[in-house]
1. How far apart, in nm, are the 7 Å Cα→Cβ label points at LEU4 and GLU80?
2. If you take the C-alpha gyration tensor of region 6-81, multiply each eigenvalue by 5 and take the square root, what semi-axes do you get, largest first, in whole Å?
3. Lone cysteines in the chain, going by a 4.7 Å Cβ-Cβ cut-off?
4. Could you work out the helix-only [θ] at 222 nm for the chain, with each DSSP H run of four or more residues adding -39,500 (n - 2.57) and the total divided by the number of residues, to the nearest 500 deg cm²/dmol?
5. Treating the angle as unsigned and between 0 and 90°, give the value, to the nearest 10°, between the Cα long axis of helix 48-62 and the longest Cα principal axis of the chain.
6. If I fit a long axis through the Cα atoms of helix 65-85 and take the longest principal axis of the Cα atoms of the chain, what angle between them do I get, 0 to 90°, rounded to 10?
7. What accessible area per residue, rounded to a whole number of Å², is obtained for the chain using a probe radius of 1.4 Å?
8. About its Cα centre, what dipole magnitude does region 6-63 give when the only charges are +1 on Lys and Arg Cβ and -1 on Asp and Glu Cβ, stated in debye to the nearest 20?
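The values are calculated or read from the model by the stated rules, or taken from the named source; none is laboratory data. These numbers were taken from a predicted model, which means no experiment stands behind them. Every residue, glycine among them, receives a Cβ derived from its backbone with ideal geometry; neighbour counts consider all protein chains shown. These area figures cover heavy atoms from the full protein model, side chains too; ligands, DNA and RNA do not enter into them. Shrake-Rupley method; radii C 1.70, N 1.55, O 1.52, S 1.80 Å.
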Amino acid sequence: NSELRHVEKDVLIPQIMRDRAKELCSDKVQAFTKCCQETGFLMVVKCRQENTALKDCLVGYYSDPLFYEECKAEYLKQREEYRATGIKKKRQKLTSNV
């Protein structure tokens, strides 16, 4: 059964999308994090370029229908494995603090 519940469409699949997008944009995440750490309170002004690059990267993935379908397929595979085994597989987290 590949029907998706509301929580799956609106919460669980978008969470996979966010996690994967952060991994795929990790260079921009790191650049923004580094800029913020170096500038402190002035980060709003000084890190604008890094913030824009990060946002553009993430939004590019969030708005890509093929990326959504990939993440949906990943979710359905995880759900199928869980239903078969009863064991929930944890997603590997990126070691970044973002």
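1. Result for the modelled spin labels: 1.6 nm.
2. Equivalent ellipsoid semi-axes, largest first: 30, 11, 10 Å.
3. Lacking a cysteine Cβ partner under 4.7 Å: CYS36, CYS71.
4. Numbers: 5 runs with 66 residues, N = 98.
Dividing the helical sum by the residues of the chain leaves -21500 deg cm²/dmol.
5. 10
6. The two axes meet at around 50 degrees.
7. Accessible area per residue, the chain: 76 Å².
8. Rounded to the nearest 20 debye, it is 140 debye.
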